[in-house]
Amino acid sequence: MIRYVLAVTVAATILSVSLFAVEYIETERAHSEVETAIHQLDSTALDLYESEPLAKRGQEPAQRVATLSLPSEGVGSTGLDTFRIAPGYPETTGQVEYKIAAGHIQTQQLSVPVLIESDERLDLSDMRGDVKLLLTLIEHEGERVVLVTRL
């Protein structure tokens, strides 16, 4: 009888440790996916900002499309609660705010000044999988700025 109780106790302990490990791995995977998405946005915006001239009057402005792969909740992945792009102009650059599962909101600064059409944050919190953003190099109040819109 003691063997059965001991076997059940050991099995329960192994199961609880395994579930904790799986949850940790899922959270780390989601964090990695978000970091990759932010890097994709930042590198595309920086390339546009540094390599393209401002459009002259009557010309189409330079544009790039950034495809961000945001994590979706499911087996092997923890969901994304918050993902917002905040404008940063003229004093600072844009930034991305994100929160994975029950974690804390984290902020990452972008490398270029960013505008959002509504002058508010671009909230992509409800988006999952591939999200396409249109990045447009514009002049705003005499300065070069990357305008970010969702396609």
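Readers should treat all values here as calculations from the given coordinates under stated rules, not as data from a laboratory. From a predicted model like this one, the values you see are computed outputs, not experimental measurements. Here the Cβ positions follow ideal geometry from the backbone for every residue, glycine too, while neighbour counts run over all protein chains shown.
So here's what we get for this one:
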| read-out | value |
| --- | --- |
| Mean ellipticity per residue at 222 nm, deg cm²/dmol - from DSSP H runs of n ≥ 4 across the chain, formula -39500 (n - 2.57) | -12500 deg cm²/dmol |
| D81-L54 pseudo-label distance in nm [points 7 Å out on the Cα-to-Cβ vector] | 4.1 nm |
| Angle between the chain longest axis and helix 2-51 axis [Cα atoms, degrees, rounded to 10] | 10 degrees |
| Computed lengthening from D123 to S69, 0.36 nm per intervening residue step minus Cα-Cα distance | 18.0 nm |
| Length-normalised contact order of the chain in % [C-alpha pairs under 8 Å, at least 6 apart] | 23 percent |
| Inter-part distance where the range 38-65 and the range 97-151 are each reduced to a Cα centre, Å | 14 Å |
| Net charge over other residues, Cβ less than 13 angstrom from the Cβ of Q40 (K, R count +1; D, E count -1) | -3 |
| Pair T149, I14: separation of 7 Å Cα→Cβ label points (nm) | 5.8 nm |
| Dipole-positive endmost among T9, H104, V146 within the chain (Cβ charges, Cα centre) | T9 |
| Stokes-Einstein D in µm²/s, Kirkwood radius over Cα pairs - the range 2-150 at 20 °C with 1.002 mPa s viscosity | 124 µm²/s |
| Cβ-placed point charges (K, R +1; D, E -1), dipole of the range 2-150 about Cα centre in debye, nearest 20 | 460 debye |
